[in-house]
1. Given H placed 1.01 Å from N in the peptide plane, which residues other than close sequence neighbours of B:T12 have an amide H under 5 Å from its amide H?
2. List, in order, the whole-Hz ³J(HN,Hα) value for each residue of the range C:4-14 obtained from phi through the Karplus relation with A = 6.51, B = -1.76, C = 1.60 and θ = phi - 60°; use x for Gly and Pro.
3. For the protein assembly as shown, what is one quarter of the convex hull surface built on the Cα atoms, given in nm²?
4. For the pair B:D81/A:N107, report the inter-label distance in nm, with labels modelled 7 Å from Cα in the Cβ direction.
5. Cα axis of helix C:22-32 to longest principal axis of chain C: angle in degrees, 0 to 90, nearest 10?
6. List the lysines whose alpha-carbon lies under 19 Å from that of C:K35, not counting same-chain residues fewer than 8 positions away?
7. Please state the relative contact order of the range A:2-137 as a whole percent: Cα pairs under 8 Å, 6+ residues apart?
8. Considering the Cα trace of the range B:2-137, what is its radius of gyration and what is Dmax, both in angstroms?
Amino acid sequence: MKSLTKHLVLDTEDRVQFINITSKIQELVKESKIKEGFCLVNAMHITASVFINDEESGLKQDFKDFLEKLAPQDDEYRHNDTGEDNGYAHIWRTIMGREVTVAITDNKLDFGPWEQIFYGEFDGRRKKRIMVKIIGEE
Amino acid sequence: MKSLTKHLVLDTEDRVQFINITSKIQELVKESKIKEGFCLVNAMHITASVFINDEESGLKQDFKDFLEKLAPQDDEYRHNDTGEDNGYAHIWRTIMGREVTVAITDNKLDFGPWEQIFYGEFDGRRKKRIMVKIIGEE
Amino acid sequence: MKSLTKHLVLDTEDRVQFINITSKIQELVKESKIKEGFCLVNAMHITASVFINDEESGLKQDFKDFLEKLAPQDDEYRHNDTGEDNGYAHIWRTIMGREVTVAITDNKLDFGPWEQIFYGEFDGRRKKRIMVKIIGEE
């Protein structure tokens, strides 16, 4: 069994932001030389997500609107009694998901036609880290 | 390390539908001859889910009612400005989840008593694909 | 490839409860002697979750309030026509998630600074089981 481990660093400019990281992950799969295996991609922060969906700007806005309706940013959260103001972001990340596991087949992400990997930031404006770990066989 | 890769094809008859795929996945585990490992099952479409819950018809209706309440099918979605009418389905799949990873022990799905694997279709009435990848050791 | 399989047993005292299991999982990683690999942790019950978030009491209350608002415990659920009274719990577990896959690097959970693993019980007051499976290389 072989493995590749990488902590990607992203500079997030906005508080709430979706960043397409598919090509970065595909490069790491290539670098790993692993032909058959699994690729785990997860947020290393608990107010951020990694998820798979479509690259379409309207959809990104739909997700933001949906999350804001479900758990408004300026609602009252017990978590904010600690001095934080990101209570909503812990909930948003839970809805969108922490991680994805993607099949690697013949040294490529084994994807359907529209699958794209996104990093979802919900409390940004600073450097954030994404875990990528690939295990399998050459 | 050994692996087995399969793209299952399902014919979805309804727009919204839950299909129990547990026995299909168990057959593939047997076929793989892998005794100890992981089995990844994921939707290859971004308006569909793979998730684990109970085989009970009332519960399936509860899930549909819950999703419809949260993100109604005929609400307005920016995504639908592209000519699509499945904005809700991208959100439903996000709530239900894209994938499951299941432990394989002694060449079987290592499940609790009620765990069953479902494919959740939210924009169906055509052929859809499910990714199954098993890695581990004989 | 090596593997370690463990079914943890927890005694849940409350109907709804979050239990931090991070140190238990870290011990199993150490016991496995696996240096590079993946650790899968999942609920073996379909009214329970395993998820990763912050160890902070206010946040745990926020999650309970959020779930209660989304799918109230005493709403009507078709599932409850079977004689059950835990319809809400199947939905809560879906929102919070069944499982996490965590990267193992150098025989440790490869975590960001605040990541903690929780078992979320939504229909407790009896013994429950959690699946832990670790695969990888020494």
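Please treat every number below as a calculation from the coordinates, not as lab data. Predicted, not measured: the structure shown is a model, and the values here were computed from it. Heads up, the Cβs are rebuilt from the backbone with ideal geometry, glycines too, and the neighbour counts pull from every protein chain shown.
1. B:R125, B:R126, B:K127, B:K128
2. In residue order, the calculated couplings are 9, 10, 9, 9, 6, 10, 10, 9, 8, 8, 9 Hz.
3. On the way: hull surface 73.2 nm².
So the Cα hull casts an average projection of 18.3 nm².
4. Placing both labels 7 Å beyond Cα along the Cβ direction yields 4.2 nm.
5. 40 degrees
6. Straight-line reach from C:K35, under 19 Å: A:K2, A:K6, A:K133, C:K2, C:K6, C:K24, C:K108, C:K133.
7. In percent, rounded to a whole number, it is 55.
8. 15.9, 50
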